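Take a look at the structure below.
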Amino acid sequence: MTTTAIDTSRPAGIIRLANSFCDAKALLTAVDLGLFTTLRSGPATEDEIREKLGLHGRGLSDWLDLLVELSLLEHSDGRYRNAAGADQFLVSGERSYIGGFLERSNRNLYPAWGRLTDALRTGQPQSGSSFDAVVQNPRILSQFINSMDALTRTLGPQLIAAYDGWGGYRSVLDVGGCRGSLAAQIVTANPNLTGHVFDLPQMEPFFDEQAAEKSLTDRLTFHGGSFFTDPLPTADIVVMGHVLHDWDREQRRFLVEKAYQSVNPGGVLLVYDRMLDRASSRVENLVISLDMLLVTDGGSEYTVGEVTEHAKNAGFETVESRLLGDDDTLVVARRAS
């Protein structure tokens, strides 16, 4: 985030910080309109962009030039082209596309942040999209799945590299694993493992589609249910990634205890989230914690100390933590043999 470079000791810096949402909305709008995908085919003039995107034209040059200043576009010889990062990560249809998360941010998080005052006064979510509402609406569910896939494309390889114990086990379970994007990456990288995904039953058709696309139907299995009311399948490695932050402290304790019962003796629980004691990501992770205020009934980010306490009380023999990617923390809890 750019906030750390803003000098808030001066009025101009405070005003710049207050208007940082404008930069974000310029980017979110570019993704929503498909600007970066359009420019993948080659540089274009302002008029060509106006015609291709069906825009009016007023304000267009200012918007494009702002994206240049934000290092998302480049401009020369009267034509705009994607900057390197935008061309790699913001072109729809590419394997490296992370725009699914930005699409959800634009349609869900951005409006909710406009009601932060109400959230702080009431403690109530402001997005109007509970989990029940999400899974009942195909359009919203598709947006949610795309946003989870976007995160997993980045975090999956980082998790596989950060944990060095995959080779000692035979099975892995991703709890709240959506359509199995993470599980697919793990079992592809580790032929010794079979993969299991536990999530709401509405996710199963999306899971089946992806397992077939990746030719993993013989190595991935879906289990439908609610982790608050239904038993979890057992596995040597149980993963809870970006799951516990959706719930309050007591619910997190319950889920860690339930995970303990799911981990086979001698196995491990892997938990990762934007934990609040990662000093290098303090601002970013506080923002995500406030996201949880706005979109869940009781969720928040939490500390390594909290999840360590839950894991030890549940019965795990050892607990350790390590940094994961740019902003996450991975906690590894081992169950005795």
**Message:** From Cα pairs below 8 angstrom and at least 6 apart in sequence, can you work out the relative contact order of the chain, rounded to a whole percent?
**Reply:** 12
**Fill in**
For the Gln202, Asp326 Cβ pair and Förster radius 22 Å, calculated FRET efficiency rounded to 0.05 is 0.10
**Complete:** Karplus-derived 3J(HN,Hα) from phi for the stretch 261-275 (6.51 cos²θ - 1.76 cosθ + 1.60, θ = phi - 60°), whole Hz, x at Gly and Pro, runs 5, 7, 6, 5, x, x, x, 9, 10, 10, 10, 9, 7, 7, 5
**Message:** Under the rule of at least 5 residues apart or a separate chain, name every residue whose amide H is placed under 5 Å from the amide H of Val239.
**Reply:** Leu173, Asp174, Val175, Leu270
**Within the stretch 272-306: backbone nitrogen closer than 16 Å to the Asp248 label point (7 Å, Cα to C-beta)** = 292-302
**Complete:** Computed, not fitted: 222 nm per-residue ellipticity of the chain from DSSP H runs ≥ 4 (each -39500 (n - 2.57)), nearest 500, equal to -13500 deg cm²/dmol
**Prompt:** Once amide H atoms are built 1.01 Å from N in the peptide plane, which residues 5 or more positions from Leu73, or in another chain, come under 5 Å H to H?
**Reply:** Val68, Ala83
**Request:** Would you please classify the overall shape of the stretch 268-328 from the alpha carbon gyration tensor, given that a ≥ b ≥ c denote the square roots of the eigenvalues, rounded means a/c under 1.5, and beyond that prolate means a/b larger than b/c while oblate covers the rest?
**Result:** oblate
**Request:** Note the full-extension length gain between Arg121 and Gln136 as 0.36 nm times their separation in residues minus their Cα-Cα distance, in nm to one decimal.
**Result:** 2.5 nm
**Message:** Taking θ = phi - 60°, what integer Hz values does the Karplus form 6.51 cos²θ - 1.76 cosθ + 1.60 yield along the stretch 100-107, in sequence order, with x for Gly and Pro?
**Reply:** x, 5, 5, 4, 5, 4, 5, 8
**Asked** In what sequence, highest mean first, do 180-187, 286-293, 54-61, 118-125 appear when ranked by Cβ atoms within 10 angstrom?
**Response** 180-187, 286-293, 118-125, 54-61
**Fill in**
The exposure ranking of Val304, Val172, fewest beta-carbon neighbours within 10 Å first, is Val304, Val172
**Request:** Compute the Cα gyration tensor for the stretch 3-96, then decide on rounded, prolate or oblate, letting a ≥ b ≥ c be the square roots of its eigenvalues: rounded whenever a/c is under 1.5, prolate when a/b is larger than b/c in the other cases, and oblate in all that remain.
**Result:** prolate
**Complete:** Which residues qualify? For Ser92, with a placed amide H closer than 5 Å and at least 5 residues away or on another chain, they are Thr37
**Request:** Taking the Cβ of Glu306 as the centre, find all other residues whose Cβ is under 12 Å away and add up their charges (Lys, Arg: +1; Asp, Glu: -1).
**Result:** -2
**Message:** Taking the beta-carbon count within 10 Å as an exposure proxy, list Arg322, Arg153 from fewest neighbours to most.
**Reply:** Arg322, Arg153
**Complete:** Matching label for the computed semi-axes √(5λ) of the Cα gyration tensor in Å, out of (i) 26, 25, 20; (ii) 37, 24, 19; (iii) 29, 27, 22, is (ii)
**Prompt:** Taking the Cα centre of the chain as the origin, how large is its charge dipole in debye, to the nearest 20, when only Lys and Arg (+1) and Asp and Glu (-1) carry charge on their Cβ atoms?
**Reply:** 200
**Item:** Table column - 3J(HN,Hα) (Hz), the stretch 165-173, Karplus curve with 6.51, -1.76, 1.60, x for Gly and Pro
**Value:** x, 4, x, x, 10, 10, 9, 9, 10
**Message:** Just want the ordering: Met203, Met240, from fewest to most Cβ atoms lying within 10 Å of their own Cβ.
**Reply:** Met203, Met240
**Message:** Residues of the stretch 205-243 with backbone nitrogen within less than 18 Å of a virtual label 7 Å along the Cα-to-Cβ line of Arg170, please, listed as ranges.
**Reply:** 218-221, 233-238
**Request:** Could you name the aspartates and glutamates whose alpha carbon sits less than 15 Å from that of Lys25, not counting residues in the same chain fewer than 8 places away?
**Result:** Asp62, Asp65, Glu69, Glu103
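Read-outs throughout are calculated quantities, based only on the coordinates presented, and are distinct from any laboratory measurement. Please read all numbers here as calculations on a predicted model, not as lab measurements. Cβ coordinates were reconstructed from backbone atoms using ideal geometry, including for glycine residues, and neighbour counts include every protein chain displayed.
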